[in-house]
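**Q** Please read through the structure below; I'll follow up with questions.
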Amino acid sequence: MLHYQDVPKDGKMCSDCAAYTPPASPGADTGTCKVVTGPVNPNGWCMAYSHR
Ligand code: SF4
């Protein structure tokens, strides 16, 4: 359990994480992640955060 949340944690967020892949289409508001399944919010965070 990586405790994913859709808000940042201590200034850290998915959009700055090495595991994050931005949305394929410009209009989409969620991307994907190598470790968390399903849509991931760029402003989200989880315990596997790794700064890129
Ligand atoms: S590992 Fe966690 S912090 Fe990094 S992109 Fe995936 S959900 Fe976001």
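**Q** Over the chain, with every protein chain in place, what whole percent of the accessible area is carbon and sulfur at 1.4 Å, could you tell me?
**A** Details: 1980 of 3510 Å².
Answer for the chain: carbon and sulfur cover 57 percent of the accessible area.
**Q** Rolling a 1.4 angstrom probe over the protein heavy atoms, how many square angstrom per residue are accessible across the chain? Please report the intermediate quantities before stating the final value.
**A** Details: 3510 Å² over 52 residues.
In whole numbers, the chain has 67 Å² accessible per residue.
**Q** Dipole of the chain (Lys/Arg Cβ +1, Asp/Glu Cβ -1, origin at the Cα centre): which of 22, 49, 11 lies farthest to the positive side?
**A** Of 22, 49, 11, it is 49.
**Q** So, counting K/R as plus one and D/E as minus one, what does the shell of residues with Cβ under 15 Å around residue 17 add up to? Show your work: numbers first, answer last.
**A** Values: positive: 9, 12, 34, 52; negative: 6, 10, 16.
Summing Lys and Arg as +1 and Asp and Glu as -1 gives +1.
**Q** Moving to a separate point now. Could you state the orientation-averaged shadow area of the convex hull built on the Cα atoms of the chain, in nm² to one decimal? Intermediate values should be presented prior to the final figure.
**A** Numbers: hull surface 13.2 nm².
Quarter of the Cα hull surface area: 3.3 nm².
**Q** What's the magnitude of the charge dipole for the chain around its Cα centre, counting Lys and Arg as +1 and Asp and Glu as -1 at the beta-carbon? Answer in Debye, nearest 20. List each step's numbers first, then the result.
**A** Numbers: 4 positive and 4 negative charges, 32 e Å.
About 160 debye.
The values are calculated or read from the model by the stated rules, or taken from the named source; none is laboratory data. Computed from a predicted structure; not experimentally measured. So basically every Cβ, Gly included, is an ideal-geometry build from the backbone, and we count neighbours across all protein chains shown. Note: areas computed on protein heavy atoms with side chains; ligands, DNA, RNA excluded. Shrake-Rupley method; radii C 1.70, N 1.55, O 1.52, S 1.80 Å.
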